[in-house]
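The values are calculated or read from the model by the stated rules, or taken from the named source; none is laboratory data. Keep in mind that what you see is a predicted model, and the values were worked out from it rather than measured. Cβ placement follows ideal geometry from the backbone for every residue including glycine, while neighbour counts extend to all protein chains displayed. Just the protein is used for accessible areas: all its heavy atoms, side chains included, with ligands, DNA and RNA removed. Shrake-Rupley method; radii C 1.70, N 1.55, O 1.52, S 1.80 Å.
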Amino acid sequence: MLKYLAVVSSLLIFVEAIQRWHTSQIMLTKLYDVQNDHFNVLDNYANLETKRLEELKNYVAAVYEWRDNIKTKKQFLHDHMDVFKVMTQMLQHYFQIDDLIKNKKSLEAFKDIDEHKDLSGEHIVLLAHRALRRLQLFYAIPASDMSAGRFNEKVIGDRMDACECCVMAKYCLEGNDPYGVLDWAVEAYGKWESEGRPECVDPDILNYYIVSSSVYTGFNFMNLIILSGPNYQEYTEKFERYYRLMKNELFELEKESTTDIMEVYEYSIGHGIANDFRNLCKHGVSRTLTKYSKCRYQTNNLFYRILMPFKEEDINSEPLIKIYHDVLYDDEILKIKTLALEKMKDAKVKSVDGKNYLLEEKTRSGQVYWIFEVDAVEYFDALNTRIESFTGFSTKTAERYQIVNYGLGGHYIPHHDSFAKGALTDVQNDGYTSFPMLNIIAPAEKGAALVWNNLHMSNGQKFYETLHGSCPLLKGNKWIMTRWLYEEGQHLPYNWKNK
């Protein structure tokens with residue numbers, strides 16, 4: 001297989017049996033549309049029901065009036081013809097009332113809800129919980145800060161209430177995550193008390209969360225938090241009496257638990273690099289210019305670039321990493337997003353044996369779309385020319401453009417691209433592309449292109465220092481567009497066909 005020679009990034013835009021609503025901002029936006037569809041259906045159902053009940057009420061009133069009128073005729077039972085008419089009329093009344101009660105039109109209104117857009121499945125909240133928990137573990141955010149919607153003194157969301165914190169504790173329990181249970185259950189308790197003990201939180205269940213997780217973790221909150229549920233004493237005595245037996249069982253459960261996100265990182269890239277990656281993502285590093293690093297206007301000796309030169313910024317020399325600013329224009333970005341909006345699919349990663357592509361959110365979470373050549377010709381001829389101008393490489397043998405949009409906790413574990421990645425949008429201080437072996441981060445900047453060489457230009461060997469990943473997204477709407485350039489078709493000092 002040919003190696004990818006260089007990587008061109010170009011587009012970050014600021015701002016299926018199981019449906020994964022959380023994996024991209026596109027899907028999250030569609031939630032509003034789906035909910036609106038549901039509301040329209042329910043509104044139609046309510047109108048039909050109101051009409052049905054009004055008709056039923058009027059019809060029953062008419063039947064009462066008819067019956068009272070019959071009763072005033074004392075001789076009506078003596079006239080057999082009239083008796084038959086009365087019985088026939090009563091049967092018609094029965095069928096009409098039965099039809100109004102069953103109200104088939106109202107029931108059929110629910111069929112308008114697309115079963116593939118069902119919001120009632122608990123799995124959609126479970127998947128969102130896992131993404132939020134990944135963020136919490138990666139950035140080491142305590143539940144008290146996350147529920148307050150803040151991290152490193154910046155706002156990352158709205159405040160969570162006691163009910164929402166209790167839901168987080170519930171799913172941590174189901175995922176055999178005792179430390180998460182304790183963190184979120186204690187936070188839920190504090191909010192439950194301060195918010196006037198809302199009914200959405202069951203104190204007995206909350207007590208169960210706190211006692212069981214205290215037994216396992218060794219952080220004893222059983223005496224610090226006083227709950228008054230009828231089963232409180234029973235729970236406490238049971239857990240203390242059977243502590244050893246339960247702890248053994250909990251250890252067995254932990255073997256089946258959802259793997260910690262940092263364990264995935266450390267397994268894939270090693271403990272040291274995983275920590276470097278996390279620190280870069282968490283704290284960020286300002287790009288400092290050395291005597292070898294410069295910013296310049298670049299024409300690459302192209303006469304038509306004299307009036308519109310590239311804004312070139314050096315990031316690293318070996319391996320070569322540069323940022324070209326204002327490569328994509330707003331109208332192009334709009335076209336690209338519009339092209340991809342209805343075609344995005346959950347991103348997959350190659351299996352260990354390289355034979356299959358799998359959905360592995362612990363490794364990669366986002367949605368992608370590969371642009372077909374016919375669309376690329378229509379939209380990207382000018383962009384291809386730009387890429388060729390500032391890289392000096394041909395795009396004729398390049399991989400198709402890939403568009404990526406990230407959602408809740410969207411990320412991509414550090415990896416090599418010899419096979420690499422793409423372009424960027426303003427996402428405040430988030431959305432970094434991080435190179436942990438080089439101690440470099442590239443912020444998400446609208447319309448900019450992040451470019452680097454995956455291979456040594458002298459011999460085609462892999463640059464191991466180009467290991468890079470997409471930091472888990474805490475806030476914002478991150479888009480990237482990637483273009484991989486192959487060795488084939490380039491003027492190189494080595495014979496790539498023999499490698």
The stretch 390-406 and the stretch 457-471 have their Cα centres apart by a whole-number Å value of 17
In order through the stretch 454-467: 3J(HN,Hα) via Karplus (6.51 cos²θ - 1.76 cosθ + 1.60), integer Hz, x for Gly, Pro
7, 10, 5, 5, 7, 9, x, 6, 5, 7, 5, 5, 7, 3
Return the subset of K322/K446; K343/K396; K30/K343; K343/K462; K282/K335 for which the Cα-Cα distance in this structure is over 22 Å, preserving the input order.
K343/K396; K343/K462; K282/K335
The percentage of the accessible area of the stretch 117-193 (probe 1.4 Å, all protein chains present) made up of carbon and sulfur atoms, to the nearest whole number, is 54
Using a 10 Å cut-off on Cβ atoms, rank the peptides 361-368, 402-409 from the highest mean neighbour count down.
402-409, 361-368
Amide H neighbours of N316 under 5 Å, counting only residues 5+ apart in sequence or on other chains, H built in-plane at 1.01 Å?
I321
With a sphere of radius 11 Å drawn around the Cβ of M308, what net charge do the other residues whose Cβ falls strictly inside it have (Lys, Arg +1; Asp, Glu -1)?
+2
Counting other Cβ atoms within 10 Å of each Cβ, which GluC sites (Glu not before Pro) in the stretch 148-198 have at most 16 and sit in a DSSP loop?
E153, E195
